[in-house]
1. List the chymotrypsin sites (Phe, Trp or Tyr not before Pro) within the stretch 54-129 that fall in a DSSP loop (any state other than H, G, I, E or B) and whose Cβ has at most 11 other Cβ atoms within 10 Å.
2. So what's Rg/Rh here for the stretch 93-145, counting alpha carbon atoms and using the Kirkwood radius for Rh?
Amino acid sequence: MTLPRNTTVPAANHQPVHHHPSYLHPELADLAAARDFYRARMGWESVISGSELRLPLTMGMVGIRMSPLLAARVLPCFAEAGAAAPAVTIGSPPVVVLLADANGRWYSQSDMPDGVALLRAPVELPLPPSRVGDVPVRWSGTPDLGTGFLPLAEGVLQVVRTVLGLVEPRPKVRKGRLTSPWPPCAPGSRSPVPQSKG
């Protein structure tokens with residue numbers, strides 16, 4: 001299944017685009033079907049708990065929680081690079097959680113910029129089509145439905161820090177030559193956001 005390339009571009013009011021899970025695939029209409037879909041297509045082992053389908057953050061998976069306003073600036077960086085940015089919007093008031101691969105590194109809250117929170121085991125993240133209270137959980141950044149690959153947490157944090165103005169875009173050097181700045185939302189950059197290999 002090919003997804004539209006504009007699924008993570010923010011709306012005109014600078015809020016992330018929210019998609020009902022069935023937008024991604026018709027099988028995501030109920031919890032049991034969604035659980036089976038995420039397992040088959042992405043290798044994610046989620047569990048049903050009441051009105052929620054929960055993904056345990058295990059096996060190196062972390063969540064990076066931020067405000068919808070910050071997410072509206074971060075997620076387009078991934079879209080520009082053509083990289084998956086599996087992010088869900090949860091609750092009221094809403095928060096956005098971007099799933100990432102810790103890639104063997106132990107992250108703590110002290111590694112996070114102000115206003116950004118780290119989620120890790122034993123946290124279980126609600127996935128669409130869950131409802132938290134009366135509010136449906138929605139994809140605000142599109143996952144890679146073919147592989148379940150996640151962006152590396154290091155890359156996500158670099159994008160967040162750059163968007164917040166905490167760091168300058170890093171120059172990328174290949175074979176001794178300066179190429180383009182990274183992350184991809186830096187002016188003139190065409191470098192991909194690092195992805196895990198599953």
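Here, each number is a calculation from the coordinates, and none is a lab measurement. Just so it is clear, the structure is predicted and the values come from calculations on it, not from any experiment. Don't worry about glycine lacking a Cβ; one is built from the backbone with ideal geometry, like all the others, and counts go over all protein chains shown.
1. Answer by residue number: Trp106.
2. 0.98
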